[in-house]
There are 2 protein chains.
Amino acid sequence: MITPKTAPGFNEYLPAEQRMFDHLVSLIRTMYERHGFTPLETPALELAQVLLAKEGGETAKQVYRFMKGDTDLALRFDLTVPLARYVAEHYHDLAFPFRRYQIQEAWRAEKAQAGRYRQFYQCDIDILGNIGTTADADILLTTAATFKALGLGRSVMHISNRKIFVGFLASLKLSEQSVEILRIIDRMAKQSADKTKKDLSVLGLPAAAIAQIISIVNAQGLESLRSLTISNTLFQEGLAELTELDSLLRAGGLTAEEYVIDLGIVRGLDYYTGMVFETLLVDKPEAGSMAGGGRYDNLVGHYRKEPVAGVGASIGISRLFNALKDSLKKGPATPAQALIIVFSDALLPYCFKTASTLRAQGINVMIYPGSDKPGKQMAYANKIGVPFVVLCGEEEAKNETLTIKNMASGDQQTMKIKEAVTYLAKSL
Amino acid sequence: MITPKTAPGFNEYLPAEQRMFDHLVSLIRTMYERHGFTPLETPALELAQVLLAKEGGETAKQVYRFMKGDTDLALRFDLTVPLARYVAEHYHDLAFPFRRYQIQEAWRAEKAQAGRYRQFYQCDIDILGNIGTTADADILLTTAATFKALGLGRSVMHISNRKIFVGFLASLKLSEQSVEILRIIDRMAKQSADKTKKDLSVLGLPAAAIAQIISIVNAQGLESLRSLTISNTLFQEGLAELTELDSLLRAGGLTAEEYVIDLGIVRGLDYYTGMVFETLLVDKPEAGSMAGGGRYDNLVGHYRKEPVAGVGASIGISRLFNALKDSLKKGPATPAQALIIVFSDALLPYCFKTASTLRAQGINVMIYPGSDKPGKQMAYANKIGVPFVVLCGEEEAKNETLTIKNMASGDQQTMKIKEAVTYLAKSL
């Protein structure tokens, strides 16, 4: 006898939770399509040499990589690298601008942490091609609308533009130290102002530069950024992009409560080149960023000579769900809307006829599949949370009626099959 | 520069095909829920020792198995073994009878064949617990209704019951040779009657037994099976089950065109113990079985002492889709129902306002994300197959109107935004 257990660091859900999770994924899919993104899936396994073209360091160590025969394979660790490979491979078969969404699992052998697992779903959108700020705005509007549809509480997008800091640091001739400086900025929200100043001075930055860095990160809105009158071209370009983005987000219906300009947002240092953002839950900021993304100059650098620019966002739905699931109201453990109680084998044909009629009208129906006593069948109905049971007894079969019991209220009514269809459809 | 390519034996779809595939999966999901099955997902990776508790031989060789650190892992090669592990692991948290569906990928390093790949989707349903023929009937009705909903042409379920042959062979004291005999029966449909007779006589079977085996396999319907008057208990039990099943399928609305009793159906020899079936496409029988399943006495034998019986079916949706996709009408490469053409940056806020209004009414809208000339944007609309384009020009912005072009008919009309919502909703 072998102990049945999942591998360490992997999780799965019981039926009621699985249904909640699926419901969220289905909302995300609907909202992504609402915003004109087309679905895409790529294989879980890729050639390791292709998948790991870029990655070194920590991520590469976490990848599940192995030989099968002569083939060096790896499980995807995100949805971005497979997108790059897909776009480069099928470049001439795709219409650009290419807008795709992808909702699939990724695998990383990370240290086990509460709410984080070694297999997790990501929900990515990207717009690729010769694109403008329109694309950045549409990515953000899609993400905001999707979070709203999920109904998991208020969320806020924190938006920055990488060009602002890169330009500013260039103007101070600090470009060589920009990675270290951006790392410190990334930590700013989590530490004291004094600690930040100390970290920056350890890098040997002059006090004036440190003061300016801090005032840029703390700038409240676009007006205060403009008032800094920094003349660097890239800085001004980033500011102009943020200004245009802001006007498009307003035109798209976002309010000041739904996003903030936050120059403290940094994200992947060797990847993003323009707008970057993160989505935080207002009532659960400690859970960290639940979505994020930004603009990149070239997605396919390792696979194609001609660059392909893009902008994208990713919702970490597994992480989001694991952070919130215990606070969500649990639904039934079944999609069935009605359970047909079976009183005897002789009545089974009437049960099947009833099920067939109701199902044809779009009602989700389960027939009790065993020959347990009616009391046990009712207890089962309660346990799985089915909202209605349908009693097909002898009287009902003779009169071509059904007795329908509302499990929440306990109300019970006998009616003709046709009326039952209307009654159930109305109640669900 | 690394050549971007998928691993050998793996496939992926271009957007129009991906959308067709997703549509089929969504229909299957809807029909499975319509019949009261609850969704389930299990991790792609399992502990190899747990996943391969039973498998030896060919399947084990095809499994993707590898070490990560000290952990011996394997990718699932079907959805049945993970179900067994799940049910055994969560036994006390599940309500029985347990009806689940699972639509996920499986991986096998099979030799590459046309239309068969190393990653493929399976769509499984199972009913587990203390169940009767009701469950067998419901599994078959669900499968038949699902194939009907898929709209891929007429399909027929070929149904048998393993007990009939097992009982019959026992009555002839041929139980020890039953595996070899069933293998020959499995081949019968594909070879001549003479070859079958020869194969059976090579096993040393008496001529009378051979004649009876052939007459059972060729029996047309239940009546002719009954007329064989074989008195073995197991044979009679199988025949009684088939008879009850037949009456429930009729009560559930299936016609004689939708299923046949076919004793030539064998399937997995060390697994099924009662009803077995396969679904064939009437117009493409050469493509082989597109779904199949049956009844088993114990799913969890390797993980639990107490047996869990069940009945299940699996639709090989990847195989089905690959067999048929070239004969299906291709839809658009986008879920967008309308593309907003952008005439100038100054008009962008009006474009975003329009998109936001239409999306809020449930219309899938794409805003052209670049600053290409309108002619190029129209060419893009044609290429991706979006049914409507929305022109937000200066006149339109001034008058708060939209000009909507039906891409199929070429008709173009200018109207107020509110009217446009009604017009688009009606046309889609």
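Every number here is computed from the coordinates shown, using simple stated rules; none is lab data. It should be emphasised that the depicted structure is a prediction, and the values quoted were computed from it without experimental measurement. Here the Cβ is made from the backbone with ideal geometry for all residues, glycine too, and neighbour counts use every protein chain on show.
Before moving on, here are some points about what is shown:
- Lysine pair count for region B:337-419 with Cα-Cα distance under 19 Å and sequence separation of 8 or more or different chains is 12.
- Loop-resident trypsin sites (Lys or Arg not before Pro) (DSSP state other than H, G, I, E or B) in region A:48-123 with no more than 11 further Cβ atoms inside 10 Å of their Cβ: A:LYS111.
- Between the beta carbons of A:GLU223 and B:ASN406, assuming R0 = 56 Å, the FRET efficiency works out to 0.80 to the nearest 0.05.
- Over region B:143-214, volume per residue of the alpha carbon convex hull, in Å³: 106
- With only Cα atoms counted, region B:329-376 has Rg and Dmax values of 11.9, 40 Å.
- Here the Karplus relation 6.51 cos²θ - 1.76 cosθ + 1.60, evaluated at θ = phi - 60°, turns the backbone of region A:178-188 into coupling constants of 4, 4, 4, 5, 5, 4, 5, 4, 4, 8, 3 Hz, with x for every Gly and Pro.
- Between helix A:133-150 and chain A: long-axis angle, C-alpha atoms, 0 to 90°, nearest 10: 40
- Restricting the calculation to Cα atoms, region A:314-428 yields a radius of gyration followed by a Dmax of 16.4, 57 Å.
- Averaged over residues, the count of other Cβ atoms within 10 Å places the peptides A:236-247, A:393-404 in the sequence A:236-247, A:393-404, highest first.
- Inter-copy separations for B:GLN113, label at 7 Å along Cα-Cβ, nm, ascending: 4.5
- Peptides A:296-303, B:255-262 ranked from most to least packed, by the mean per-residue count of other Cβ atoms within 10 Å: A:296-303, B:255-262.
- Expressed as a fraction of 2.2 N^0.38 Å, the value expected for a compact globular protein of N residues, the C-alpha radius of gyration of the protein assembly as shown is 1.07.
- In nm, spacing of pseudo-spin labels at B:THR233 and B:LEU428 (7 Å Cα→C-beta vector): 6.4
- The value for chain B of Rg(Cα) / (2.2 N^0.38 Å) is 1.25.
- Rotation relating B and A, chain A residue nearest the axis via C-beta, angstrom: A:PHE66, 2
- Note on region A:58-98: the alpha carbon radius of gyration divided by the globular reference 2.2 N^0.38 Å gives 1.50.
- Note, ³J(HN,Hα) from phi for region B:152-158, Karplus 6.51, -1.76, 1.60, rounded to Hz, x at Gly and Pro: 9, x, 5, 10, 10, 8, 9
- Projecting the Cα positions of B:PHE37, B:THR59, A:VAL386 onto the charge dipole of the protein assembly as shown (unit charges on Cβ atoms of Lys, Arg, Asp and Glu, taken about the Cα centre) puts B:THR59 furthest along the positive direction.
- Alpha-carbon Debye profile of region B:81-202, log10 I(q)/I(0) at 0.15, 0.19 Å⁻¹: -1.14, -1.23
- Cα gyration tensor shape for region B:1-139, rounded if a/c is under 1.5, else prolate or oblate: oblate
- For region A:132-253, fraction of C-alpha pairs farther apart than 21 Å, in %: 47
- Teacher prompt: A:ALA379 distances to equivalent labels in other copies, 7 Å Cα→Cβ, nm: 7.1
- Region A:216-253 versus region A:368-428: alpha-carbon centroid distance in Å: 62
- Ascending list, in nanometres, of distances separating the B:THR414 label from those of the other copies (7 Å, Cα toward Cβ): 6.7
- Shielding of peptide B:261-268 by partners, expressed as the average count of other chain Cβ atoms within 10 Å per residue Cβ, is 0.
- Its Cα centre serving as origin, region B:325-422 has a Cβ charge dipole (Lys and Arg +1, Asp and Glu -1) of approximately 380 debye.
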